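To start, the structure under review is shown below, and the notes come after it.
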Amino acid sequence: MIPFNKSPLLGKELDYMHEAITANHISGDGPFTKACTDWLIDQTKATKVLLTTSCTHALEMAANLCKIKPGDEVIMPSFTYVSTANAFVLRGAKIVFVDIRPDTMNMDENLIEAAITEKTKIIVPVHYAGVSCDMDKIMAIARQYNLFVVEDSAQGVMAKYKGKALGSIGDLGCYSFHESKNYSMGEGGAILINHKNFGERAEIIRNNGTNRNDFLRGKADKYTWVDEGSSYLPSDINAAYLLAQLDEAQKINQRRRNLWCQYGELLKPLADEKIIELPYVPDECEHNGHLFYIKLKDMIERDQLIHYLKENEIFSVFHYIPLHSSPAGLRFGRFNGKDRYTTRESERLLRLPLFYDLSEDELMAVVEKIYEFSVKSHGI
Ligand SMILES: *Cc1c(COP(=O)(O)O)cnc(C)c1O
């Protein structure tokens, strides 16, 4: 049996968690949270980083920091996870979806300008598969129209655009350390703050709307309620687990990229025969091997392959029912322009097993079954 995903243990997770527990610091903002934060600042060069309970919560903090109010509009792709939209919907925003590029599956930067209205406040690029959106173009549009950019970099930890870490380019960036991502703490995330005015309020929002951090630093003489907020601090036990993974980040990144390349090379003959399509990575992007997908002819063939692999105990999954066609998407959003690629490309997409502990033999077995399927359905 080859699972779709398996969260790796790099070795020091239990030791670190034990240390957090015996040091009697299991709530938020302890020494392990500090160590993870320092690692993230060093890796991303972001001005400030705060560990959060999830990427979803990092996005909610971003919506709050940008002071989204009912009726404001937020531009994003429809091909994304629900949290990208929910975070802004919770504050009453209207979601304006734009089409994706078929080559990277990222929001088409050339369609953003036409979606901007008087009410637009934020552009949310989602770096699908850890492959960056065209950030130069997106940042230029945002500056021209005075909009914020919140990068949904849930899948982008360790990935880069023109040498810059994803999440460190827009005003705010959001990372996920969910079990399904490259580096995990079970449930968790981080917010990267690159806008000079956001740092102080971000700490307050994350600490139940209190000035707790300033109080602990001796900068405030009373610990009190100063703004709206919530509890977005992960436990230091979870941060301890994450630190063990970040310690080995290069190793994890190399392994994932290596598996990604092997899939690409082994499946290239099928792409040359135009039976499948392989992912495309623009030159200015350094990806992190977050996920490997292939695209089949259409949804019927994609679903047949999922079924065929499953019969052979290999688990593969499709990605994202486009948000604009979902019940909540219809209520809270609108699609600007024509849906040329979002639905069509998402229906053809299939994610293959890719995780740190996937062996060469397992990868070969997946590839072999895809070839067998192609022989059956295309007679090659
Ligand atoms: C995983 C993911 C999220 C949500 O991350 P959580 O940490 O589980 O909240 C948001 N956006 C995208 C694009 C994701 O892939």
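The values are calculated or read from the model by the stated rules, or taken from the named source; none is laboratory data. Remember, it's a predicted structure, so these values are computed and weren't measured experimentally. We place every Cβ from the backbone using ideal geometry, glycine too, and count neighbours over all the protein chains shown.
Does residue 174 qualify as being within 16 Å of the ligand (Cβ to nearest atom), buried (at least 18 other Cβ atoms within 10 Å of the Cβ), under 15 Å from the mean Cα position of the chain (by Cα) and under 30 Å from residue 14 (Cβ atoms)?
Yes; evaluated as a whole, the condition is true for this residue.
How many of the residues in the stretch 177-197 are more than 13 Å from the chain's Cα centre (by Cα) and either within 11 Å of the ligand (Cβ to nearest atom) or at pLDDT below 95 (or both)?
Going through the stretch 177-197 one residue at a time, the tally reaches 6.
Of the conditions (1) buried (at least 22 other Cβ atoms within 10 Å of the Cβ); (2) within 24 Å of residue 43 (Cα to Cα), residue 296 fails just one. Which one is it?
Going through the list (1) buried (at least 22 other Cβ atoms within 10 Å of the Cβ); (2) within 24 Å of residue 43 (Cα to Cα), residue 296 breaks only (2).
Pairs please, first residue from the stretch 329-357 and among the β-branched types (Val, Ile, Thr), second anywhere and modelled with pLDDT of 95 or more, Cβ atoms under 6 Å, 6+ apart in sequence or on different chains.
342/78; 342/79; 342/99; 342/100; 342/322; 343/322
Could you tell me whether residue 290 is assigned to a loop (DSSP other than H, G, I, E, B) and within 22 Å of residue 364 (Cα to Cα)?
So residue 290 passes the test.
Residue check, residue 103 against (1) surrounded by fewer than 20 Cβ atoms within 10 Å (Cβ to Cβ); (2) touching a Phe, Trp or Tyr at 6+ places or on another chain (Cβ under 8 Å); (3) closer than 28 Å to residue 230 by Cα; (4) not polar (S, T, N, Q), all met but one. Which one?
Failing condition for residue 103: (3).
From the list 123, 141, exactly one residue is in the same structural domain as residue 184 (by TED's automatic domain parsing), crowded, with 22+ Cβ neighbours inside 10 Å, under 23 Å from residue 334 (Cα atoms) and of a type outside the set (Gly, Ala, Ser). Which is it?
None of the other options fit; the residue is 123.
Quick one: residue 57 ticks every box in (1) under 16 Å from the mean Cα position of the chain (by Cα); (2) within 22 Å of residue 321 (Cβ to Cβ) except a single one, so which number is it?
Here residue 57 clears every test but (2).
Restricting attention to the stretch 34-44, does a residue exist that is out of contact with any Lys or Arg (no Cβ under 6 Å at 6 or more places or on another chain), assigned to a loop (DSSP other than H, G, I, E, B) and within 16 Å of the ligand (Cβ to nearest atom)?
Among the residues of the stretch 34-44, not one is out of contact with any Lys or Arg (no Cβ under 6 Å at 6 or more places or on another chain), assigned to a loop (DSSP other than H, G, I, E, B) and within 16 Å of the ligand (Cβ to nearest atom), which makes the answer no.
Write out, first by first residue and then by second, each pair whose Cβ atoms fall under 7 Å of each other, whose residues are 6+ apart or on separate chains, and whose first residue, in the stretch 63-91, is charged (D, E, K, R) while the second is in a strand (DSSP E or B) and modelled with pLDDT of 95 or more.
Final answer for the pair search is 72/121; 73/94; 73/96; 73/120; 73/121.
Please indicate, with yes or no, whether at least one residue in the stretch 146-162 is without any contact (Cβ under 8 Å) to a residue 12 or more places away in the chain, outside any strand (DSSP E or B) and of a type outside the set (A, V, I, L, M).
Yes: one or more hits.
Specify which of the listed residues (170, 199) is in contact (Cβ under 8 Å) with a residue 24 or more places away in the chain and in contact with a Pro (Cβ under 9 Å, 6 or more places away or on another chain).
170
Kindly indicate which of 130, 92, 71 is touching a Pro at 6+ places or on another chain (Cβ under 6 Å) and not charged (D, E, K, R).
Of the residues listed, the single one that is touching a Pro at 6+ places or on another chain (Cβ under 6 Å) and not charged (D, E, K, R) is 92.
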